[in-house]
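J.: I am attaching a structure below and will ask some questions about it afterwards.
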Amino acid sequence: MRWYNRHVTQPTDTSIASQDYLEQIFQLIALKGYARSVDIAANLGVSQASVSAMLKRLGADGLVVYEKYRGVILTDKGSDLAQHIIKRHEVLTRLLRHFGVDEETIYRDVEGMEHHISSQSLKAFTLLANELDQNESLRESLLKKITKPQV
Ligand code: ZN
């Protein structure tokens, strides 16, 4: 899966922001083995002071543990939540790719949608994405319709 370096969203709601942080921390750990606040700040396009404040918050919620020299570590609870967030991102991305949407648009849209989708709707999209993975004729027929819209 391809990840873009910068988040284009400017979250105002803190729970949305905390999801972006967890997603980012999980990715950094998967990629590098550790998550430093300087990398989190760079990837999310926020200040290091914002990162410190959010890490305190996530720590208080029992989602991360901050170690001065190792950086940020996800607790089991934090890791479960991060994996759920990433899986949700992955399903929405996979679904939109079937319709030939370009990667940058997909990323931008998914970053917006993922925070607002209910688990019920996510289940529906997951079924659709899985169906499209397996059903080539459906995929081709939808793609034809989207590239040559019928009037
Ligand atoms: Zn995301």
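Every number in this text was worked out from the coordinates using simple rules, so none of it is lab data. None of the values given here were measured: they were computed from a predicted structure. Glycine gets a Cβ as well: all are built from the backbone with ideal geometry, and neighbour counts include every protein chain shown.
J.: Provide the net charge surrounding ALA82, with neighbours chosen by a C-beta distance below 14 Å and charges set as Lys +1, Arg +1, Asp -1, Glu -1. List each step's numbers first, then the result.
T.: Numbers: positive: LYS77, LYS87, ARG88; negative: ASP20, GLU23, ASP61, ASP76, ASP80, GLU90, GLU114.
Net charge in that neighbourhood comes out at -4.
J.: Shifting gears a bit: Normalise the Debye intensity by I(0) for the chain, one equal point scatterer per Cα, no solvent, then take log10 at q = 0.10, 0.19, 0.21 Å⁻¹ and round to two decimals.
T.: Values returned for q = 0.10, 0.19, 0.21 Å⁻¹ are -0.41, -1.15, -1.33.
J.: Measuring from centroid to centroid over Cα atoms, what is the spacing of the range 47-88 and the range 94-151 in Å?
T.: 30 Å
J.: Taking the Cβ of each residue in LEU142, LEU95, LEU63 as the centre, tally the other Cβ atoms inside 10 Å and list the residues starting with the fewest.
T.: Working: LEU142 15, LEU95 20, LEU63 23.
The most exposed by this proxy come first: LEU142, LEU95, LEU63.
J.: If you take all C-alpha pairs in the range 7-91, what percent of them are over 22 Å apart?
T.: Working: 497 of 3570 pairs.
I get 14 percent for the Cα pairs in the range 7-91 exceeding 22 Å.
J.: While we're here: On average, how much area does the Cα convex hull of the range 83-147 cover when viewed from any direction, in nm²? Present the calculation step by step, with values, prior to reporting the outcome.
T.: Working: hull surface 17.4 nm².
Convex hull of Cα atoms, orientation-averaged projection: 4.4 nm².
J.: Next question, about the same structure. Under a crude label model (7 Å from the Cα following the beta-carbon direction), how far is SER118 from LYS32 in nanometres?
T.: According to this spin-label approximation, the distance is 3.9 nm.
J.: How about the range 44-151: which chymotrypsin sites (Phe, Trp or Tyr not before Pro) there are in a DSSP loop, with at most 13 other Cβ atoms within 10 Å of their Cβ? Mind showing how you got there, number by number?
T.: On the way: sites: TYR66, TYR69, PHE99, TYR107, PHE125; in loops: TYR69, PHE99.
Passing both the DSSP loop test and the Cβ count: TYR69.
J.: State the number of lysine pairs found in the chain whose Cα atoms come within less than 27 Å, restricting to pairs 8 or more positions apart or on distinct chains.
T.: For the chain, qualifying lysine pairs total 13.
J.: Sort THR75, THR126 by Cβ crowding within 10 Å, fewest neighbours at the top. Spell out each step's value before the answer.
T.: Values: THR75 15, THR126 18.
Lowest to highest Cβ neighbour count: THR75, THR126.
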